[in-house]
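Please read the structure below before turning to the comments.
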């Protein structure tokens, strides 16, 4: 038994009973800001062996807009209770566990790799219905009762732009295209609206898909209160199309269909111009995140090659921003 397995067994005994055992622990592909582990737990209180996904912090500096793992877990738990298709949170680590920040949720089968989802023939049927299913999932998120959520940051369009600008000033390198994009956002700022729960990172790659379509919404670390159309614009950032650039909505659909399906599911009018604003906002934000990842590698705080690989993608973002300013999706 590994040290981690032994530590997790002690954690599981606190949550599932003194007879709980951890049969296996295996590392999953790491995310950019988290480490994920697949664990199998047995206990009399569970119905047979249960697969769970444990997410822990990857270390290093937190991205300024990201939630800590406990708050992320509480948001995910509240969303699950209110009917959002997201994995049930089974336990949350605390200081007594000596494993840092983290939580475990129920494992579900499915595909998360974006390129496979948007190009593999196996998912052709799924792609034909994903736009409608994603719209329904977002509508359920945006209907969430705010009183049932843990305290979350609230960011209107104007407040979000101020924070984004400050983040760029902290991590950016004065590239003219970013300055022009920030000016564009200032000139096209939409009116503020009543706040809703915003997932903040709803995109291809952050939900599970099988051959029938969307199964589970994952990765709530960017959740906050704000304009629900922010989630629609983020889905359109070019980085999440995985090469299928002629389908601006996640490499699977078109803007008019996206807005139509969301309006039908939510009862909220999805103004295409406002969604395009959030697409530009999201593209700038992704660029700032790339710069932040690069900084962590360069200053030595997190010496993982993935940080550097993401950091160099800032050049792609500059091209995307030029296209958007020219009016190309």
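Nothing in this text is a laboratory measurement; each read-out follows from the coordinates by a stated rule. Note that the structure is a prediction, hence the values are computed from the model and not measured. Note that we place each Cβ from the backbone using ideal geometry, even for glycine, and neighbour counts take in every protein chain shown.
Between the helical axis of 176-187 and the longest alpha-carbon principal axis of the chain there is an angle of about 80 degrees. Taking 0.36 nm per residue of separation and subtracting the current Cα-Cα distance, fully stretching the chain between residue 36 and residue 177 would add 47.2 nm. Relative to the longest principal axis of the Cα atoms of the chain, the long axis of helix 255-266 lies at roughly 50 degrees. Taking all Cα pairs closer than 8 Å and separated by 6 or more residues, the relative contact order of the range 1-155 comes to 17 percent. For the range 178-218, the equivalent ellipsoid derived from the Cα gyration tensor has semi-axes of 32, 15, 8 Å, listed largest first. Computed from the Kirkwood radius of its Cα pairs, the Stokes-Einstein diffusion coefficient for the range 48-193 at 37 °C and 0.692 mPa s stands at 174 µm²/s.
From the largest down, the range 1-133 spans 47, 39, 31 angstrom on the principal axes of its Cα atoms.
Compute the helix-to-body angle for 157-171: its Cα long axis versus the longest principal axis of the chain, expressed 0 to 90° and rounded to tens. Between helix and principal axis, roughly 80 degrees.
The calculated Kirkwood hydrodynamic radius for the range 236-311 is 14.1 Å, given to one decimal from all distinct C-alpha pairs. Against the empirical curve 2.2 N^0.38 Å, the C-alpha radius of gyration of the range 186-329 lands at a ratio of 1.08. The Kirkwood hydrodynamic radius of the range 198-276, based on inverse pair distances between different Cα atoms, is 13.0 Å. An ellipsoid equivalent to the range 120-254, defined through the eigenvalues of its Cα gyration tensor, has semi-axes of 27, 21, 12 Å when rounded to whole angstrom and sorted largest first. Helical runs (DSSP H, four residues minimum) scored at -39500 (n - 2.57) apiece and divided by the length of the chain put the mean residue ellipticity at 222 nm at -14000 deg cm²/dmol. Neighbour counts of C-beta atoms inside 10 Å place 117, 298, 92 in the sequence 298, 92, 117, starting with the fewest.
Once the chain from residue 119 to residue 148 is taken as fully extended at 0.36 nm per residue, the excess over their C-alpha distance is 6.6 nm.
Take each peptide in 67-78, 218-229, count the other Cβ atoms within 10 Å of every residue, and average; sorted highest first, the result is 218-229, 67-78. Working value for the chain: equivalent-ellipsoid semi-axes of 33, 23, 19 Å, each the square root of 5 times a Cα gyration tensor eigenvalue, largest first.
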